[in-house]
Structure formats: C-alpha cells, structure tokens
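Worksheet for the structure shown next.
The values are calculated or read from the model by the stated rules, or taken from the named source; none is laboratory data. Being a predicted model, the structure only gives us computed values, none of them experimental. Please note: Cβ atoms are built from the backbone with ideal geometry, for glycine as well, and neighbour counts cover all protein chains shown. Please note that ligands, DNA and RNA were not included when accessible areas were found on the heavy atoms of the full protein model with its side chains. Shrake-Rupley method; radii C 1.70, N 1.55, O 1.52, S 1.80 Å.
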Amino acid sequence: MDPWQTLTTDYEQRRSREDSLDRLMEWDAQRSMIGSVEGRTILDVGCGNGQKAIELVTDHGAASAVGVDIGAEFLAGPAEVAFHRADLSCLDELDALKGRRFDVVLFLQTLAYARDRARTLRTVRSLMTEDGVLVVSMAHPIRYAVERSERDGVGIGDAYHAVGPYSYPSLWNPEITVTHTTDTFSTIHNALTGNGFRVEEILEPQLSEEKKARYPHKQAWLSKYVGIIILRARPA
C-alpha cells in the first residue's frame, strides 16, 4: 500500500480518539478562524479522508467543497463534495481545479509538506475569489525546535533557526518516516506575504481549563511542545 494511504488511515484513527488534540481544541480553533461558510465554496488542500470538508457542507451550510489529498482514502460525501487524488505540490496540474474559484481555501496541517511552497501558494491564490479567506494551520514552530534540540543535542535557538527539511518516524505510524519543512514565525509569515496574501489574524490555541484537568497527559505534551499555530489571510 502507498505509505500516504497508510498514514491517512492511521491519522484518522488517531484523530477520532476521544483525547486527540484535534477533537479537544484544534478543529474548533480552525473553524473559528474560517468563520461562516454559509453559501461559500471551499477547497481543502490535504483533506485526509475528507471528513472536515463534508462537515462544512452538511453541518455548516457551505455551498460546495473540493478536497484534494495524496492518500485518496476518502469518505463518501454528498453530491456537493468532490474529492481528487493529487499532490499538493502540483495543484496547478490538476485539471479538476482549472477555471474554478473558491471563497475559502484550507491547509490544515498540510502546507509544510509542499515541496515548493511558493508554487503551491501562488496556485491557490489564483484559485481564490478576491474576498476569499485562506486558513493555514501548522505545527507550532517551537514544537520542532524542541524535538530537534532533544534529538540532535543542540540549543533550542539553533534548532529553531534550522529551517528546512526534517525527517522523523511518524507519530501516527512509527514504521513510516515522514519529511516536511520546519519553520520559524518569519518564514511562515513571509511565505504568505511573498506569494499574494496579507495575514489578518494569528491564533495559538490551548486547552480550556476544564480540558486541562480532564486530560492532563495532553496538557503535559502542550506544555512542552506548544501545539499548533493558525493563520488567517486574505488575497493581497
């Protein structure tokens, strides 16, 4: 089986657990940054099994959604939701997107996997309406700085500024090694502003006090690795 198909299945199984951070805080925070999708068209880049794209249509009133993912382990959705297997690094080669315009574009924990981030961002900019919304959710830059510092025995500052490819056994399936780009705050911000966007808002979600008490093991992880960062941007 393709490793990305395996990882898609493993990720969705982990995400569905009661104590997954996606369920406890990340999806709520992502939706707050997306805002109302009533009557809007959505492109979910790196959509996994497509559950979130389906939910935005069936539960939140989006007019339609297109999900793109290399794993292609998609759920069955309503007619208003279409899925396509494709590499997010080559969106400009996907015929199904040509001539389309979207009100909302999502990269939910996926943009770091783009081999040419500028190309991918320029492509989605060309696919967006002029008043569209781009929401990018990523691992917090401090997370991989801490991991690299521990793994390589270097200072956190040196690890933080070691921007570039980072390979490690997947948390979803340690038998598969994944590689993606790590960032500083500036590289994330400058990638967006340098490719046709203006950053409107940034969110660094944390657990509520009630959930901190209920899931202390998750709070312990967040205390060390911070979690995620979410950016909301508009076409410049």
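State all residues of the stretch 37-73 that are free of Cβ contacts under 8 Å to residues at least 24 places away in the same chain and polar (S, T, N, Q); if no residue qualifies, say none.
Thr58, Ser64
Against the condition under 25 Å from Pro141 (Cβ atoms) and of a type in the set (A, V, I, L, M, F, W, C), how does Cys90 come out, does it pass?
no
Out of everything in the stretch 154-175 that is part of a loop (DSSP other than H, G, I, E, B), more than 20 Å from Leu111 (Cβ to Cβ) and open to solvent by less than 70 Å² (accessible area, probe 1.4 Å), what residue ends up being modelled with the lowest pLDDT?
Only one residue tops the list, namely Asn173.
Name every residue in the stretch 52-68 that is out of contact with any Gly (no Cβ under 9 Å at 6 or more places or on another chain) and either of a type in the set (Lys, Arg) or open to solvent by 20 Å² or more (accessible area, probe 1.4 Å) (or both), in order of residue number.
Once the filter is applied, which keeps residues that are out of contact with any Gly (no Cβ under 9 Å at 6 or more places or on another chain) and either of a type in the set (Lys, Arg) or open to solvent by 20 Å² or more (accessible area, probe 1.4 Å) (or both), the stretch 52-68 yields Glu55, Asp59, His60, Ser64.
Which fully enclosed helices (runs of 4 or more DSSP H) of the stretch 176-236 have 1 or more residues being within 17 Å of Ala145 (Cα to Cα)? Spell out how you get there, then give the answer.
Values: elements: 185-193, 209-214, 216-225.
So the answer is 185-193, 216-225.
Among the listed residues Val57, Val68, Val124, Val45, identify the single one that is in contact with a His (Cβ under 6 Å, 6 or more places away or on another chain) and modelled with pLDDT of 95 or more.
Val68
Among Val104, Val37, which is open to solvent by less than 10 Å² (accessible area, probe 1.4 Å), modelled with pLDDT of 95 or more and closer than 30 Å to Tyr166 by Cα?
Val104
Which of the residues spanning the stretch 85-112 are among the acidic types (Asp, Glu) and free of Cβ contacts under 8 Å to residues at least 60 places away in the same chain?
Asp87, Asp92, Glu93, Asp95, listed by residue number.
Could you check, for the stretch 48-56, whether at least one of its residues is hydrophobic (A, V, I, L, M, F, W, C), within 18 Å of Arg15 (Cβ to Cβ) and touching a Pro at 6+ places or on another chain (Cβ under 8 Å)? Quick ask: steps written out before the conclusion?
Taking the stretch 48-56 first, the residues hydrophobic (A, V, I, L, M, F, W, C) are 53-54, 56.
Those left that are additionally within 18 Å of Arg15 (Cβ to Cβ): 53-54, 56.
So of that shortlist, the ones also touching a Pro at 6+ places or on another chain (Cβ under 8 Å) come out as 54.
For the stretch 48-56, residues hydrophobic (A, V, I, L, M, F, W, C), within 18 Å of Arg15 (Cβ to Cβ) and touching a Pro at 6+ places or on another chain (Cβ under 8 Å): present.
Quick check, is Asp92 in a helix (DSSP H, G or I), touching a helix residue (DSSP H, G or I) at 6+ places or on another chain (Cβ under 6 Å) and under 30 Å from Glu175 (Cβ atoms)?
no
Pick out the one residue from Ala96, Ala53, Ala29, Ala82 that is farther than 30 Å from Glu209 by Cβ, under 17 Å from the mean Cα position of the chain (by Cα) and among the aliphatic types (A, V, I, L, M).
Ala53
List the pairs whose first member sits in the stretch 113-127 and is under 13 Å from Leu97 (Cα atoms), whose second member is of a type in the set (S, T, N, Q) and modelled with pLDDT of 95 or more, and whose Cβ atoms are under 8 Å apart, counting only residues at least 6 apart or on separate chains?
Arg125/Asn195
Would you call Val226 touching a helix residue (DSSP H, G or I) at 6+ places or on another chain (Cβ under 6 Å) and aliphatic (A, V, I, L, M)?
Yes, satisfied.
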